[in-house]
Structures are given as C-alpha cells and as structure tokens.
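Working notes, beginning with the structure itself.
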Amino acid sequence: MNRLNLAVEISKTVGFYLMQFFGKAKNIEEKENFQDLVTEHDKKAQEMIIQEIKKYFPDDNILAEENNTKDMGENQWVIDPIDGTLNYIHGLPNFCISIAYYENKSPLIGVVYNPFTEEMFLAMKNQGAYLNHSKLEIKDINDLKFSIGSVGFSRKFTGKFIEKVENKVQRIRILGSAALSACYVAANKFDFFIAKRANPWDIAAAYLIVKEAGGEIINFQGNTPKIFERESYIFSKPSILEDIKNITNEIGGGV
Ligand code: IPD
Ligand code: CA
Ligand code: CA
Ligand code: CA
C-alpha cells in the first residue's frame, strides 16, 4: 500500500459510510458555539482514516480536526474527516473528506473527495492534479469582469468583500466547504476563492491540488501561506490575483 492509494481508498470507504447518514446525522453537538457543530459521523470518519494510516504507517504523525488529534512530526498527515459539516447535517451536497500528506512541511499528496457527486480531486507533488481521470490545468482569464469566484463565510469580512466585488465580477458563490471551493479553482469552476481564516485541515490537501493545477496561492499579505497555522488564503488564476489582493487589502484583516 502506498500513501496515495491509501488516501484514495480510505476516502471512498469513508464516503460510502457518510452517505448513509447524509441529511440525517446522529448525535449533533456544539463545539465552540451554536454555529460550530460536530456529529458522531465526523468522529467515526476520522477514526476510520486514522486506523487505516496507523495500520500501514504506524510511525507517521497525524493532525486532524476532531478529538484533538494533533501529533506533529516529519511524516505528517493532515485530515478533515468532513469539510462542510453544516452542509452534511442539512443534506446539502457540498461536503468532502480531505486528506493530505506532508514531509518536512512540504506537501506531497492531496486528496479531496465528495461522496455525493463522486468527485475525487487528487494531486501528487510534481505529478499534476486530477479530477477523477481528467488532468486539471488552470485556464487563465484576463479580466475580473468575466470571473465567478467564491469567499468563505467570515463574520464582518464576507459582507464587505461581496459589497466591494459585486459590480466587478459576474457573480459570487458561497459553498460552505473551504476544501471544495479551493478545488473548484483547480477545476476552472471558480476563478478565485478567498478565505479570511482557515485551519490547516481545511486547506492542506486542496493547497497541493490548486498548486499542481497551476493556480496561485498567497495570503492576504501577499506572502506564501503558512499551512500549519491559522491563515488567510487567496486561491486564484494568475491574471486576476493582483485585483483580488487589492480588494482584500482595501477591507483589511486576514487571520
Ligand atoms: C468549515 C468549512 C466552511 C468554512 C469554515 C470551516 P468544517 O469546515 O470549510 O466552509 O467557512 O471556516 O471551519 O467545520 O465543516 O470542517
Ligand atoms: Ca468543524
Ligand atoms: Ca473544515
Ligand atoms: Ca471538519
């Protein structure tokens, strides 16, 4: 078993498990507040992934969202068992399993799987990104006014951002899954996606998928994002990156 196959196979197994409770999740609990929820399926999905990794790579380190699984080291997995828990609870199809593998903080493998649509996004360092069996290559656009983009929901930021761009772009969409939204940039479904505050597990896999597809990724300050910290992100097609960055700078903030 190599690590890429492990990530692909376990995400399909977990996806099959999750689909049984889609829109009818059990044991929903609040984490930090009433908008931040976890279900027994987030926990079970995470356990399934960790168990499979530990079976084949017992010495690897795992950082995962639920249950404080935060073991850091050289051979680092980063897992979000369900990205888009709120969508999953409400029976909205924008959710996914996100599994990444890093060595010495450098991304080697990224897998993002939506079990509802059966879209499998994957990337390996220097070997390209794929959506199911099609290679992903970003097609640049040279004018913001032909773009459709997305922004993560962040209090006091998202509203301002939409107000600033609504007359400059075709439309803005909000999916409710940061990992999927970033993968949609890799797949040319979106031209940009910005997130004011994302955790490592939201982005670790999609980061490599967008990079390998030829996308640009910076934080709101214009620097290379620090994946292992809470970070701001702009995922974009090359020609419109500067415009998006200027708009976020006008609002200020990030992280
Ligand atoms: C959330 C989703 C959502 C984003 C939040 C994330 P979760 O992840 O990606 O789109 O706006 O910031 O926390 O909690 O569903 O894994
Ligand atoms: Ca969560
Ligand atoms: Ca997440
Ligand atoms: Ca999650």
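Each value in this text was obtained by applying a stated rule to the coordinates, not by laboratory testing. Predicted model, so just to flag it, every value in this text is computed and none were measured. Reconstructed Cβ throughout: ideal geometry from the backbone, glycine too, with neighbour counts over all protein chains shown.
As a size descriptor, the averaged projected area of the C-alpha convex hull of the range 144-251 was calculated at 5.7 nm².
Can you pull out the trypsin sites (Lys or Arg not before Pro) in the range 155-222 whose DSSP state is coil and whose Cβ has at most 10 other Cβ atoms within 10 Å? Mind dumping the intermediate values first?
Working: sites: 155, 156, 160, 164, 168, 171, 173, 189, 196, 197, 211; in loops: 155, 156, 168, 189.
Here the trypsin sites (Lys or Arg not before Pro) that fit, given the DSSP loop and packing criteria, are 155, 156.
Computed extension gain for residue 146 through residue 173, at 0.36 nm per residue and net of the alpha carbon distance, reaches 8.3 nm.
Could you work out the mean projected area of the convex hull around the alpha carbons of the range 125-164, in square nanometres to one decimal?
Values: hull surface 20.0 nm².
With every direction weighted equally, the projected area is 5.0 nm².
Using all pairs of distinct alpha-carbon atoms, the Kirkwood hydrodynamic radius of the chain works out to 18.1 angstrom. In the range 3-136, Cα pairs under 8 Å separated by at least six residues give a relative contact order of 20 percent. Holding the Cα-Cα limit at 26 Å, pick out from 70/125; 12/237; 145/211; 12/55; 70/226 the pairs that are longer than that. As for pairs spanning more than 26 Å Cα to Cα, those are 12/237.
Could you work out how much longer the chain between residue 54 and residue 250 gets when fully extended? Use 0.36 nm per residue separation minus the Cα distance between them, nm to one decimal.
Details: separation 196, 0.36 × 196 = 70.56 nm, distance 4.60 nm.
Result for the pair: 66.0 nm of gain on full extension.
The Cα-based radius of gyration of the range 91-172, divided by its Kirkwood radius, gives an Rg/Rh of 1.05. At the listed q of 0.15, 0.23, 0.28, 0.30 Å⁻¹, the Debye profile of the range 150-196, built from one uniform point per Cα, gives log10 I(q)/I(0) equal to -0.34, -0.79, -1.08, -1.18. In percent, rounded to a whole number, the relative contact order of the range 144-251 is 27, using alpha-carbon pairs under 8 Å and six or more apart. When only alpha carbons are used to place a centre, the range 63-118 and the range 217-255 end up 21 Å from one another. Here is the size of the range 1-81 from its Cα atoms: Rg then Dmax, 13.5, 40 Å. Label sites at residue 156 and residue 12, each approximated as a point 7 angstrom past Cα along Cα to Cβ, lie 4.6 nm apart. The mean sequence distance of close C-alpha pairs (under 8 Å, at least 6 residues apart), as a share of the length of the chain, puts its relative contact order at 16 percent. The listed peptides 57-69, 132-144, ordered by packing as a protection proxy, come out as 57-69, 132-144 (highest mean of other Cβ atoms within 10 Å first). Modelled spin labels at residue 2 and residue 106, positioned 7 Å past Cα toward Cβ, are 1.7 nm from each other. Every Cα-Cα pair in the range 3-136 was counted, and those over 21 Å apart are 39% of them.
If you count, for each residue, the other Cβ atoms within 10 Å and average over each peptide, how do 145-154, 73-82 line up from highest to lowest? Working shown, then result.
On the way: 145-154: 18.7, 73-82: 23.4.
Per-residue mean Cβ counts within 10 Å order the peptides as 73-82, 145-154.
Between helix 40-56 and the chain there is an angle of about 70 degrees, using the helix long axis and the longest principal axis of the Cα atoms.
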